[in-house]
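Here's the structure, in structure tokens; my notes come after.
The values are calculated or read from the model by the stated rules, or taken from the named source; none is laboratory data. Bear in mind that the values here come from a model prediction, so they are computed numbers and not experimental data. We place every Cβ from the backbone using ideal geometry, glycine too, and count neighbours over all the protein chains shown.
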Amino acid sequence: MRPSFDAPKPDSARRSRREMPPGDSDNLSHASGPSVQDLSECLFFSPTDGRIWLDGQRMVLMHNTSLGSLRHELIERLGLERARGLLTRAGYSSGVRDAQLVRERWPDADPEAIFYAGTQLHSLEGVVQVETVHFEFDPRKGTYDGEFLWHHSSEDDEHIAAYGIGTEPACWMQLGYAMGYVTTLLGRLTVFREVECRSMGHPTCRVLGKTVELWGDVEEDLRYLNAEDFVSHSSAVPLAQAPLPSVNNALPPLGERQLVGVSSSFIAACHMLRRVATTRATVLFTGESGVGKELFARMLHEISPRKEQPFVAINCAAIPDSLIESELFGVERGAFTGASHSRPGRFERADGGTLFLDEIATLSPTSQGKLLRVLQEGVVERIGGTREIKVDVRVVAATNVELREAVRNGEFREDLFFRLNVFPIPLPPLRERRDDIPLLLSHFLQHYNQLHGRNITGFTLKAMRALLNYRYPGNVRELQNLVERGVIAAEDNLPIDLPHLFRDEETTRDLLFTISSDGELASDEGDGSALEQFQRYAPVGEKGPSLDKLEAKLVREAVAQVDGNLSAAARLLGLTRSRLAYRMKKLGEES
């Protein structure tokens, strides 16, 4: 089944489709999903504490001319291309957040109404009035195809005021918003193009949106999502155009090792990588396990002047203490029993290039001292040897341990820490870059479709909701594994559903358990009465599930989610501020 929604077409429309009678799209929205009034009721003004909220997300109301001044200065200082990229990425981030808002607030709405709500939200936010000419999507094939008219574009108003009528479209943030919104809901990268624009002299803006399979070549569109030219979304090549792997036809280099992202924390790390790449400075990557430290280290080498020389990596935690020195510095023949021939260490093998030392904090004190000498003097001495060997190596280190604390505890040499910490680059965990999850899903889906010879079409809305809400203790590596598992478990020509992804029952329950709009405990599993579901999921007291503990948990989580704002927390819980304050006082007396 492929839903299709058409509104009356203007004369400029170039396709013939069944037309929807005037007003039918509004009726559809009211009947099966959030209406404009429903969306408007999510907007709260709190003038006493200087905050505006769209559901649980803080908003800012400011003059469009001020945004126009910022846009003008960005263009003049950075140039049109870089300014367009910045604004496109900002719009993409906004679209991702609105998609999450609609999906979480109306989890049971029809999929087509969820897609349609994005056009209403964009109008509600004062950005543009959206008229739907038509849109259709096929959840089984994971495809989307839509055409829209944009009236009263706020970006056009300011762009025309500053630059007049030109030859290029100017609704950059709005295109980014549309890409972020639909990509997040569909789980497949969806690209929007402005084929007519007021800034080009047209009476209104006309926009086409399609999944990448329907567009074909989208590199020109996607480059505005890339903060740096080494960030890639090239995995969006349609499966039909990608070669299947075989013995003599391996995957392209960096197939699953490409940097993909658009979140502010990811972009900041990429900018730092670009800045330090052309120097000889030692770089220290910090962050949790699975955030991609080796991937960043490899990219640092690829964009540096040393890219033609060796890149050598060693995981210090994977080598026994008795062997780590011989691995790093090499060994001479006869140095110990079993050393039947001389062997260069990793420093010598990386001469002229880059040496990546992963999990540097696991080195023994003796190895730390020898490493410090190499970094200071630029020479190594093999075990059992008597001569010094000069090496020209750029050292890049990584750790998931807080090295300053390790120094305070006497577990890591302070002088070595300062030698390594010349240019630290912190890499954020995936839970702090959730804007990147839709792009990563699309990237890994294409990669593993190609690797395993499958044709999985995307992700169901239920799966997308779970993937966007999951904690990811294993970060990007865990997300990658989940997608590979889903590609293997799902059926060809169908999307990945929740059972294909998660095998841990408790994890799945955490993701599925919600409270419905009528206040009842609800689960996507749909099994059991409200009491049975309460008994299954509520916090457990001495005599079984505790209603008081559930209430306390809900109150504390709501207050924490909005950073202590009691008015906002009360709105999340459907209470007045005074009733919430009473409950918090009661909880304080009982604890």
(Q) I'm trying to understand the selection: among the residues of region 107-134, which are modelled with pLDDT under 85 and either among the hydroxyl-bearing types (Ser, Thr, Tyr) or in contact with a Gly (Cβ under 6 Å, 6 or more places away or on another chain) (or both)? (A) 109, 110
Q. Just wondering, is there one or more residues in region 71-86 that are touching a Pro at 6+ places or on another chain (Cβ under 6 Å), farther than 23 Å from residue 211 by Cα and assigned by TED's automatic domain parsing to the domain that holds residue 208?
A. no
Q: Output yes when any residue across region 150-169 is in a strand (DSSP E or B) and farther than 21 Å from residue 33 by Cα, and no when none is.
A: yes
(Q) Quick check on this structure: which one of 509, 503, 465, 477 is among the basic types (Lys, Arg), at pLDDT 90 or above and either under 24 Å from the mean Cα position of the chain (by Cα) or over 23 Å from residue 143 (Cα atoms) (or both)? (A) 477
Q) Being at pLDDT below 95, hydroxyl-bearing (Ser, Thr, Tyr), surrounded by 21 or more Cβ atoms within 10 Å (Cβ to Cβ) and assigned by TED's automatic domain parsing to the domain that holds residue 142, is that true of even one residue in region 187-204? A) yes
Q. Given the conditions (1) in a helix (DSSP H, G or I); (2) of a type outside the set (Asp, Glu); (3) more than 30 Å from residue 347 (Cα to Cα), which single one is not true for residue 404?
A. (3)
Q | Scan of region 71-130 for residues that are in contact with a strand residue (DSSP E or B) (Cβ under 9 Å, 6 or more places away or on another chain) and polar (S, T, N, Q), ordered by number | A | 100, 119, 120, 123, 129
Q: Would you be able to say whether some residue in region 376-392 is surrounded by 15 or more Cβ atoms within 10 Å (Cβ to Cβ), of a type in the set (Gly, Ala, Ser) and modelled with pLDDT under 90?
A: yes
(Q) Condition first: in a loop (DSSP other than H, G, I, E, B) and closer than 21 Å to residue 86 by Cα. Now tell me which residues in region 186-230 satisfy that. (A) 189, 197, 218, 223, 224, 225, 226, 227, 228, 229, 230
Q: May I ask you to list pairs of residues, at least six apart or on different chains, whose Cβ atoms are under 7 Å apart, with the first in region 254-266 being farther than 17 Å from residue 303 by Cα and modelled with pLDDT of 80 or more and the second being of a type in the set (Phe, Trp, Tyr) and buried (at least 21 other Cβ atoms within 10 Å of the Cβ)?
A: 262/92
Q) Based on what the data block shows, is residue 329 within 20 Å of the chain's Cα centre (by Cα) and of a type in the set (A, V, I, L, M, F, W, C)? A) no
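Yes/no per residue for (1) surrounded by fewer than 23 Cβ atoms within 10 Å (Cβ to Cβ); (2) in contact with a helix residue (DSSP H, G or I) (Cβ under 7 Å, 6 or more places away or on another chain):
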residue: 422; (1), (2): yes, no
residue: 430; (1), (2): no, yes
residue: 434; (1), (2): yes, yes
residue: 442; (1), (2): no, yes
residue: 445; (1), (2): no, yes
residue: 452; (1), (2): yes, yes
residue: 462; (1), (2): yes, yes
residue: 474; (1), (2): yes, no
residue: 488; (1), (2): yes, yes
Q) Taking the condition of a type outside the set (Phe, Trp, Tyr), at pLDDT below 85 and more than 29 Å from residue 297 (Cα to Cα), does residue 209 pass? A) no
